[in-house]
1. Quick one: in the stretch 189-203, which of the residues that are in contact with a strand residue (DSSP E or B) (Cβ under 8 Å, 6 or more places away or on another chain) and more than 25 Å from Leu238 (Cα to Cα) is surrounded by the most Cβ atoms within 10 Å (Cβ to Cβ)?
2. Could you grab me the full set of residues in the stretch 162-177 that are more than 16 Å from the chain's Cα centre (by Cα) and in contact (Cβ under 8 Å) with a residue 40 or more places away in the chain?
3. Could you please find all residues in the stretch 186-236 being within 16 Å of the chain's Cα centre (by Cα), hydroxyl-bearing (Ser, Thr, Tyr) and in a helix (DSSP H, G or I)?
4. Looking for something under 18 Å from the mean Cα position of the chain (by Cα) and at positive phi - is there at least one such residue anywhere in the stretch 86-109?
5. Please tell me if Ala239 is out of contact with any helix residue (DSSP H, G or I) (no Cβ under 6 Å at 6 or more places or on another chain), in contact (Cβ under 8 Å) with a residue 60 or more places away in the chain and aliphatic (A, V, I, L, M).
6. Got at least one residue in the stretch 155-162 being closer than 28 Å to Val70 by Cβ, at pLDDT 95 or above and part of a strand (DSSP E or B)?
7. Please go through the stretch 242-276 and pick out each residue that is under 26 Å from Tyr136 (Cβ atoms) and free of Cβ contacts under 8 Å to residues at least 40 places away in the same chain.
Amino acid sequence: MPRIDAHHHFWHYTPTEYGWIDDSMAVLRRDFGPAELAEELRATGIEGVVTVQARQTLAETRWLLELAAVHPFIRGVVGWVPLTDTGVRALLAELVARPGLRGVRHVLQGEPDDSYMLRADFNRGLGQLRRFGLVYDLLIFERHLPTAVELVTRHPDQVFVLDHIAKPRIRDGQLEPWSRNLRELARRPNVFCKVSGFVTEADLRGWTEEQLRPYFDTVLAAFGPDRLMFGSDWPVCLAACGYARWHALVRSWAAGLAAAEQESLFGGTAAKTYGL
């Protein structure tokens, strides 16, 4: 199976569009593009990536699809579309006619209403994804997990991928109620999970492997290795950890798994889930 990084981003930085990048993440205040990522991939032996939206605009989704058309290592794109729009079906048909689109994501963690994902118009739009063979990526904080369980239960035939293990409160050393709610979500067989993005939920400068390990162990026990996929969350991870270091850390955690299970974690699950 190909070795896949299931989660990363590209962007042209502007302070207005990336206002979430505060002073603690100042290293991210610049452009990040395919050439720089390709160097990281060569150094770690990763063969392909899933490129994920960072802005909620159709212009960015189309730009990412353009990048995928000229960079073969971009195996798939998770873009943004206005799921609440009454014309979303026609828009999806237009986008999937171009090669590359494999999934859709909305920044649910940024919505003022924690129950936004239960809106009728959002669910109607999400209900269109299956007919186009598209995955839905869940970007949430740990407090949203009970609501996410309700959402996923409404759509048992839709494939969901949980981003960043639902961002537990690692800085506070809290495993509960995140662990309990995560296990409940994992009981839904149509949900997969990315081992990505949680190093930045710890102290950016003071995190340790020992601090993070219980969260990996919890996710592994909840989903099993066949429903997990490695993701770097590059370049966001750079606020706390270099690409190679994160890759090595996850490989170390997974060292006790069988060879086939490691293949699933580092590419097989992503390839099958996103149809890469």
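The values are calculated or read from the model by the stated rules, or taken from the named source; none is laboratory data. Everything quoted here is computed from the prediction, not taken from an experiment. All Cβ positions, glycine included, derive from the backbone under ideal geometry; neighbour counts span all protein chains shown.
1. Let us first name the residues in the stretch 189-203 that are in contact with a strand residue (DSSP E or B) (Cβ under 8 Å, 6 or more places away or on another chain), namely 190-197.
Then drop every residue that is not more than 25 Å from Leu238 (Cα to Cα), which leaves 190-191.
Details: Asn190: 15, Val191: 21.
Among them, the one singled out is Val191.
2. Step one: filter the stretch 162-177 for residues more than 16 Å from the chain's Cα centre (by Cα), giving 169-177.
Hits for the stretch 162-177 are Ile170, Leu175.
3. Within the stretch 186-236, Thr200 is the sole residue that qualifies.
4. Taking the stretch 86-109 first, the residues under 18 Å from the mean Cα position of the chain (by Cα) are 100-109.
Imposing the further condition that a residue be at positive phi reduces the set to 100.
Yes.
5. Working: out of contact with any helix residue (DSSP H, G or I) (no Cβ under 6 Å at 6 or more places or on another chain): no; in contact (Cβ under 8 Å) with a residue 60 or more places away in the chain: yes; aliphatic (A, V, I, L, M): yes.
Judged against the criteria, Ala239 is not a match.
6. Here is the first cut: in the stretch 155-162, the residues closer than 28 Å to Val70 by Cβ are 159, 161.
Now restrict to residues that are at pLDDT 95 or above: 159, 161.
Still in the running and part of a strand (DSSP E or B): 161.
Within the stretch 155-162, one or more residues are closer than 28 Å to Val70 by Cβ, at pLDDT 95 or above and part of a strand (DSSP E or B).
7. The answer is Ala254, Glu261, Lys272.
Conditions tested, residue by residue: (1) at pLDDT 95 or above; (2) surrounded by 16 or more Cβ atoms within 10 Å (Cβ to Cβ); (3) of a type outside the set (Gly, Ala, Ser).
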| residue | (1), (2), (3) |
| --- | --- |
| Asp22 | no, no, yes |
| Glu40 | yes, yes, yes |
| Gln53 | yes, yes, yes |
| Ala59 | yes, no, no |
| Ala69 | yes, no, no |
| Gly76 | yes, yes, no |
| Leu83 | yes, yes, yes |
| Arg98 | no, no, yes |
| Val104 | yes, yes, yes |
